[in-house]
1. Which one of these does A:Lys160 not meet: (1) without any contact (Cβ under 8 Å) to a residue 60 or more places away in the chain; (2) among the charged types (D, E, K, R); (3) within 11 Å of another protein chain (Cβ to nearest Cβ)?
2. Which of the residues that make up the range D:237-259 are touching an Asp or Glu at 6+ places or on another chain (Cβ under 8 Å) and either surrounded by fewer than 21 Cβ atoms within 10 Å (Cβ to Cβ) or not hydrophobic (A, V, I, L, M, F, W, C) (or both)?
3. Quick check on my filter: what residues within the range E:55-80 are assigned to a helix (DSSP H, G or I) and among the charged types (D, E, K, R)?
4. Which residue is nearest to the other protein chains (Cβ to nearest Cβ), if the candidates are limited to the range A:6-16 and must be touching a residue at least 40 places away in the same chain (Cβ under 8 Å) and closer than 26 Å to A:Arg267 by Cβ?
5. Looking only at the range A:216-235, count how many residues are surrounded by fewer than 21 Cβ atoms within 10 Å (Cβ to Cβ) and either among the basic types (Lys, Arg) or within 26 Å of E:Glu87 (Cβ to Cβ) (or both).
6. Working only within the range B:189-212, note down all residues that are more than 9 Å from chain A (Cβ to nearest Cβ), under 23 Å from B:Gly280 (Cβ atoms) and of a type in the set (Val, Ile, Thr).
7. Checking B:Gly254 against (1) at positive phi; (2) at pLDDT 95 or above, which single condition isn't satisfied?
8. Going residue by residue through the range C:17-34, is there one that turns out to be surrounded by fewer than 20 Cβ atoms within 10 Å (Cβ to Cβ), within 10 Å of another protein chain (Cβ to nearest Cβ), modelled with pLDDT of 95 or more and under 30 Å from B:Asp65 (Cα atoms)?
Amino acid sequence: MSDRVQRILSHYRGENPGVLTNLARMLYHGTLAGTGKLVILPVDQGVEHGPARSFAPNAAGYDPDYHFQLAIEAGCNAYAAPLGFLEAGAEKFAGRVPLILKLNNNNSLFKDKDPISVQTASVDDALRLGCVGIGYTIYPGSAHAGTMYEQLRELTEEAKFRGLAVVVWSYPRGCQLSKEGETAIDVAAYAAQIAAQLGANIIKVKLPAAHIEQDAARKVYEQEQIPIETLADRVRHVVQSAFDGKRIVIFSGGGKTTDDALFEQIRAIHDGGGFGSIIGRNSFQRPEADAVKMLHAIMDIYKG
Amino acid sequence: MSDRVQRILSHYRGENPGVLTNLARMLYHGTLAGTGKLVILPVDQGVEHGPARSFAPNAAGYDPDYHFQLAIEAGCNAYAAPLGFLEAGAEKFAGRVPLILKLNNNNSLFKDKDPISVQTASVDDALRLGCVGIGYTIYPGSAHAGTMYEQLRELTEEAKFRGLAVVVWSYPRGCQLSKEGETAIDVAAYAAQIAAQLGANIIKVKLPAAHIEQDAARKVYEQEQIPIETLADRVRHVVQSAFDGKRIVIFSGGGKTTDDALFEQIRAIHDGGGFGSIIGRNSFQRPEADAVKMLHAIMDIYKG
Amino acid sequence: MSDRVQRILSHYRGENPGVLTNLARMLYHGTLAGTGKLVILPVDQGVEHGPARSFAPNAAGYDPDYHFQLAIEAGCNAYAAPLGFLEAGAEKFAGRVPLILKLNNNNSLFKDKDPISVQTASVDDALRLGCVGIGYTIYPGSAHAGTMYEQLRELTEEAKFRGLAVVVWSYPRGCQLSKEGETAIDVAAYAAQIAAQLGANIIKVKLPAAHIEQDAARKVYEQEQIPIETLADRVRHVVQSAFDGKRIVIFSGGGKTTDDALFEQIRAIHDGGGFGSIIGRNSFQRPEADAVKMLHAIMDIYKG
Amino acid sequence: MSDRVQRILSHYRGENPGVLTNLARMLYHGTLAGTGKLVILPVDQGVEHGPARSFAPNAAGYDPDYHFQLAIEAGCNAYAAPLGFLEAGAEKFAGRVPLILKLNNNNSLFKDKDPISVQTASVDDALRLGCVGIGYTIYPGSAHAGTMYEQLRELTEEAKFRGLAVVVWSYPRGCQLSKEGETAIDVAAYAAQIAAQLGANIIKVKLPAAHIEQDAARKVYEQEQIPIETLADRVRHVVQSAFDGKRIVIFSGGGKTTDDALFEQIRAIHDGGGFGSIIGRNSFQRPEADAVKMLHAIMDIYKG
Amino acid sequence: MSDRVQRILSHYRGENPGVLTNLARMLYHGTLAGTGKLVILPVDQGVEHGPARSFAPNAAGYDPDYHFQLAIEAGCNAYAAPLGFLEAGAEKFAGRVPLILKLNNNNSLFKDKDPISVQTASVDDALRLGCVGIGYTIYPGSAHAGTMYEQLRELTEEAKFRGLAVVVWSYPRGCQLSKEGETAIDVAAYAAQIAAQLGANIIKVKLPAAHIEQDAARKVYEQEQIPIETLADRVRHVVQSAFDGKRIVIFSGGGKTTDDALFEQIRAIHDGGGFGSIIGRNSFQRPEADAVKMLHAIMDIYKG
């Protein structure tokens, strides 16, 4: 057994064997099995942005089967999606890739400065579909964040009790945050801390920028001279903010970008001690062969 | 057994045998049995628009028995109505036409730019009345959409667990949508995707217009040159948006119109790969013989 | 057994034997037993308008016993009241008159253009007090109507499951209705339809006026030439709007009026095919002997 | 056994033996045992007004034991307080004075024109502490009154089912009431009626003033010439408004006043047929011996 | 056994043996075991203020293990933290320091003049992690205080029923309080009273200032000449306001300050009869050895 994986799992000894088993299933699966690194394929953009914006660039993606195949082909550690997509393929691809059921979703037909993501599936759904974990989005900073925290709390308690791992998408938003502030380093680190304190096993945040949003935080960053200049520095700070590296933190790929820019980000995540990536649009919006090649290149960086 | 029906059912293998049985009951019932096409009679206008606006044009429709008879006579695949109408005839017509109990309803005595449709019946009601499925309306785009998604989620979980099929009316509405936007092609496709991701077995949307509502979507439609010129094109795009045709999508007939216009729409639905129609006012607001004749003409198109 | 009652009960064959039994208990009780007509005594004005406005004109009415006695003496089909009044006399008068427990109430110490009536008793209360049914008020048109519909739905499901009949007071109100509109013929018919679709066994509405409130409805009334000139016409239309006469619709007596005016209304209800009356203030606000005489005169009209 | 108590209990025959037993425990306890009159010590001012305003005038009152001792010493029929105060002494003074657990409370650190009192203890708490009943405050007239009515309804159902008596503090408040209106005779009588209809066994109201608040009520008071000139008249009218004297109505002592003024009020309550007093600040804000003497003087009036 | 501890426990005789056991576990643990005094280490600042502001000054604190070690090393009576921090170390340090699970939390990414702290962990979580008690924050004065009181009530009932002690952080806040008012002596005493009446076993308040916030209170403080000049006076008044010293009241250390200022505060708490301190930032934001030394110095004062 991999020492790296064992060391990571040792930080989760407060969890029951069911949760540890499901974390191990992801960490020992796919191309990165045993490395302690993770690349996860998430496909919730159909709900979040609409079908055409998500799948028209590579029309194969309208079909739920496609994403299972892509995740299997590329050797991703897990595939995360909403209820409909998982129900459509969970039987056909049973046991071939660890599944994460996204339990809440938002869409862009109604936009609110203080957004809320509502529950669209249950822990029981995750169990009947053979998933290793649940996914849940919180918007720290939203006036409605408390509603999501309380719902996440209940779902987390139920999921862990039934042996499922908990993956939290922590995306700062809200009327008191500037647009820049949503990815500010202080806010990103704060978002990781909140998710960790809420009991998340795996935390997904956006790549942090060098901007500092909150005045009370800026003072500390300056006084304590916290290094935030390079992306690797910032990744390191976010990872530290999630229990000094004792919680798995992975970073999202964001909108479609060039491969070079993407690989550079991955290297920064790797150098900063990040645990991996969750890459949606950059993978499923290109032809399958191309996507697999790109994902393998990313995994090679993480193996390095 | 019909190959077409078997192929459709193969896309629902994530569901339990109870749900598959009830989907099959609709697909193997009536004039279109075995064709993989559906024509459903919905009568919730009494609540939605009031009794006179709904039934005065053909006063036989005040009587709940009438709609059972019409659906049976015409050989519809199913009859969908609110609690009161089904309770009034479910015993008398037991087993003669598959029933869908509409679990939520709105009415027009209070109008809100961000409408909500409230629960007026339960899954247990559907079971005791011998229904094959439940019906539920969502208004994607409404500020209150989240409330409906969460209620639908709970009802869907319960209905499927008890072997009932789930039919979702997905009608975009809300303060951030223009009147035109409610049937815009991008919005209609989005509404179908949301319903599919929420776990709907059958999705009912309005016929989409060529208008594009959202700027972020327009870019993609233009760039990817998605064909939306003809109604058949748009139907095809909506069907693709519901898991690449792996979910049954049917289209509403809208307000009363001429038969020629109606048949033209049906041909477009058929050509675009739509799974059928749900036709209320155009059927029950004319004399029974006339309605049966018209419905048979429609079914002939779908058989073609 | 009365043919008229049997014909009425045949429209409720979707209900379980418990509900049918309790409907029969009302229809076979009192002066109008077996006629298929009902006169019910309702006394919720103490809560709705306050004690002095309700009972000072005939101070005997402060005492809960009084209304039991009056209903028994006059041979009413049922007596309907809130929890406190029924608890105070249900033991003393056990089995002497069918009781309907009013499960929700409003009061006039706080007035809202969009009123809501809140739950003040339970189905279990109705059972332990030996009632034949529950009563519930909805305000179609109120911005809060949805909350009442959902509560009524839950209570209806529970009540019927336990064999109790469901009586719905359907009173249009709300910021989008004019004062006249609350008793407009289109709105009254709509209110009856909503109650019927929600599963009400007995529907109570106010006597409708010739006014038409909604433009969309006016068109239909004119085009289809629906007769609404006389009160009997309007009663007939409302009864038709409740499943073509397959649901029991009774009419309220309104504020205190002269006997002649009242009897004229009763004749119109009778001529229009209404199922009876629910008469509060006009009965309990006069001396008992006088009230009994007046109620018998009304019952004589219904027998005619 | 006392005839007076038996007559009072005969009005509660709709209740189960557990509730009757606990009502009897109060009516047969203390100095006024068997008289059919009640003097209750309530101490919820620590929460309602803060500790210094409540207890500084007689610092012994900071100690929860003090109020048990005072109630026992004076021979009160019951002692009513919030959870913390009862938990602190219920074991030490077990069985020495009937206890009423106040289940909801408000405080004055946040003031709202439409106040709400929130639940701070449960029926199970009342049972484990050996109480004879629960206490609950409603604010008829508050925009939030409905929330309280529904919570009281649930608690009442549970309390009575478990054999506890229900004591309701009915205090009119709210944005549509003038300051004077809170104790207006029409409003006070209305508040008593509401509590009675909600199922209260014992009703506590403030002493009513001669002011009439609501125009619709004024007409009736004038027309029916309801006597409201003297305090005794008004007490009589409020008692009549609570089911013609078939519900126990007691009156609060209000803020600290002179003994002479207080005794005058008590005589008016007695003359008007009131069932007793609930006296907080006027008793615990003076030295114990003085308080006992004063309470005995009051009880002497009620015995008279 | 310590007489002091036994005397304190005698004030909690209303609680079950489980709660008494867990109170005793804290009072008999660590450096202050048996003295009747408590020093508790709370670390919820990661959520409340963000990770950098909390842990950058002493980066060891990013690691959840650190705080367990610090509490053990210093001999604190208990360590209180949110779910994530306790889950991360509860197994490794099982049984070495009494744990309090903080069940609700607020964060500073969204600020409201009427704040609310939402539930982030459960009583079951506290039990499975081996805690001696739960912690919960209320904001008396907030427009949302009622929501917290009702949630605390439910959690308190469940926690005590399962033998856990209840520790309440009572922090006045809200739109009707001035900034000064949040620590005003009348408000602090009121906050302690509210927590005590809600059933708290241990109450944590901020050190009170001499300011008086509410006019109605000021009158009483002046008239009754309540001593509030020195900090010890004010501590004494707050302790008195928590059931005359029959509830354990401890005081927070507030933001980082000089040791001399801190020790002066501790002496005032000790002189005023306070039961101890809860010291977060002043302990974990300095090097471990330094923190242990400082905490021991504080404990020496309490032993004195």
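The values are calculated or read from the model by the stated rules, or taken from the named source; none is laboratory data. Everything numeric here is computed off the predicted structure, so don't read it as measured data. Every residue, glycine among them, receives a Cβ derived from its backbone with ideal geometry; neighbour counts consider all protein chains shown.
1. (1)
2. D:Asp244, D:Lys246
3. Within the range E:55-80, E:Asp65, E:Glu73 qualify.
4. A:His11
5. Total meeting the criteria: 2.
6. Listed by number, the residues that qualify are B:Ile202, B:Ile203, B:Val205.
7. (2)
8. no
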